[in-house]
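Just below is one structure, and these are the notes that go with it.
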Amino acid sequence: MTLRELTHHQTARIVALRVDPVEARWLRALGVAEGVAVTVLRAGPFRGPLQVRVGERTAFAIDRALAGSIDVDPAGAAE
């Protein structure tokens, strides 16, 4: 499952970043990394960006195409 497929207010654990090294470095600087919990807060209309919360405090918008390259595990969120 990917971050793009999560529903509103669903939390999951990031399992893999399937992006190029430059994007991976940028995402990790934002706190998006393997093992971190991520929650979809809201989705922009007309296939707009997703607003997500990473960890406890960091929130930002992410393009749906990029979100489709981030693998998540909803079952791992409770760990």
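Scanning segment 53-79 for residues that are closer than 13 Å to Glu5 by Cβ and surrounded by 15 or more Cβ atoms within 10 Å (Cβ to Cβ) gives Arg64, Ala67, Ser69, Ile70, Asp71, Val72.
Within the option set Val22, Val15, Val40, being among the β-branched types (Val, Ile, Thr), part of a strand (DSSP E or B) and over 12 Å from Ile62 (Cα atoms) holds for one residue only, Val15. Of all residues in segment 1-12, those that are surrounded by 13 or more Cβ atoms within 10 Å (Cβ to Cβ), polar (S, T, N, Q) and assigned to a loop (DSSP other than H, G, I, E, B) total 1. Of the residues making up segment 28-74, those that are closer than 15 Å to Ala16 by Cβ and free of Cβ contacts under 8 Å to residues at least 24 places away in the same chain number 5.
Say whether the condition of being loosely packed, with under 14 Cβ neighbours inside 10 Å, at pLDDT 95 or above and outside any helix (DSSP H, G or I) is met by at least one residue in segment 27-34. Yes, there is a match, as at least one residue in segment 27-34 is loosely packed, with under 14 Cβ neighbours inside 10 Å, at pLDDT 95 or above and outside any helix (DSSP H, G or I).
The values are calculated or read from the model by the stated rules, or taken from the named source; none is laboratory data. Being a predicted model, the structure only gives us computed values, none of them experimental. Neighbour counts run over all protein chains shown; Cβ positions are idealised from the backbone, glycine included.
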